[in-house]
Amino acid sequence: MSEIIKVGMADLKTCVSPDGVTTLGLGSCVGIAIRDPVTKIGGLAHIMLPDSTTIRNSSQNIAKFADTGIDELVRQMEKLGARKARMVAKIAGGATMFTFQGRNDMMQVGERNVQAVKKKLKEINIPILAEDTGKNYGRTVTFYPETGEFYIRAVGRDESVI
């Protein structure tokens, strides 16, 4: 019997097939699902902010940031036996949940999170196979490393799989 492991906000978890990982409430946050298709080891990070270097005391929760959270997820997967050279990713979230007068880039957290995730994955040579990002609604996601299926649910929308 497989287990679905819950990932909190600013959190990350790994799993081995047939288990899966899920996280709720991806608004401006981004869910990064990574898997090694050979070992069927995978993981999910729920990042809140793009860059740990701009925040004081950022070392307290490395899963909160794209730059440190992705590195930690990869490290934990490798500890379980995954190989980085085979890892692939799917991402979801990064919505603009509130509109503001004028376009202040500091307020575009979702967009900045998506850009930071893409930049980090490119830096460490993990290709993004699919994404469901942006727009103006939150998402709940469930990822299965066995198949690589990333289920995305949003209120008032049909469930999708990427």
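Data overview
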| item | result |
| --- | --- |
| Some residue of region 87-106 being loosely packed, with under 11 Cβ neighbours inside 10 Å, more than 21 Å from D132 (Cα to Cα) and modelled with pLDDT of 95 or more | no |
| Search result, residues across region 1-35 that are buried (at least 22 other Cβ atoms within 10 Å of the Cβ) and free of Cβ contacts under 8 Å to residues at least 60 places away in the same chain | V7 |
| Filter result for T53 (among the β-branched types (V, I, T), over 13 Å from Y144 (Cα atoms) and out of contact with any Pro (no Cβ under 6 Å at 6 or more places or on another chain)) | yes |
| Single residue of region 36-55 satisfying the filter (of a type outside the set (D, E, K, R) and farther than 19 Å from V114 by Cα) that is surrounded by the most Cβ atoms within 10 Å (Cβ to Cβ) | G42 |
| Candidate set from region 123-140 (those that are in contact with a strand residue (DSSP E or B) (Cβ under 9 Å, 6 or more places away or on another chain) and within 13 Å of M87 (Cβ to Cβ)); member that is surrounded by the fewest Cβ atoms within 10 Å (Cβ to Cβ) | P127 |
| Top-ranked residue in region 41-85 [being β-branched (V, I, T) and touching a residue at least 40 places away in the same chain (Cβ under 8 Å); ranked as farthest from S17 (Cα to Cα)] | I47 |
| Pair list, Cβ under 6 Å, 6 or more apart: region 138-162 residue touching a residue at least 40 places away in the same chain (Cβ under 8 Å), other residue of a type outside the set (D, E, K, R) and in a loop (DSSP other than H, G, I, E, B) | G138/G27; R139/A154; P145/S17; E146/S17; E146/P18; F150/I162 |
| So A33, is it of a type in the set (A, V, I, L, M), touching a Lys or Arg at 6+ places or on another chain (Cβ under 8 Å) and in a loop (DSSP other than H, G, I, E, B) | no |
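The values are calculated or read from the model by the stated rules, or taken from the named source; none is laboratory data. Every value quoted in this text rests on a predicted model; they were computed, and no experiment measured them. Because the Cβ atoms are built from the backbone with ideal geometry, glycine has one as well, and the counts that use them run over all protein chains shown.
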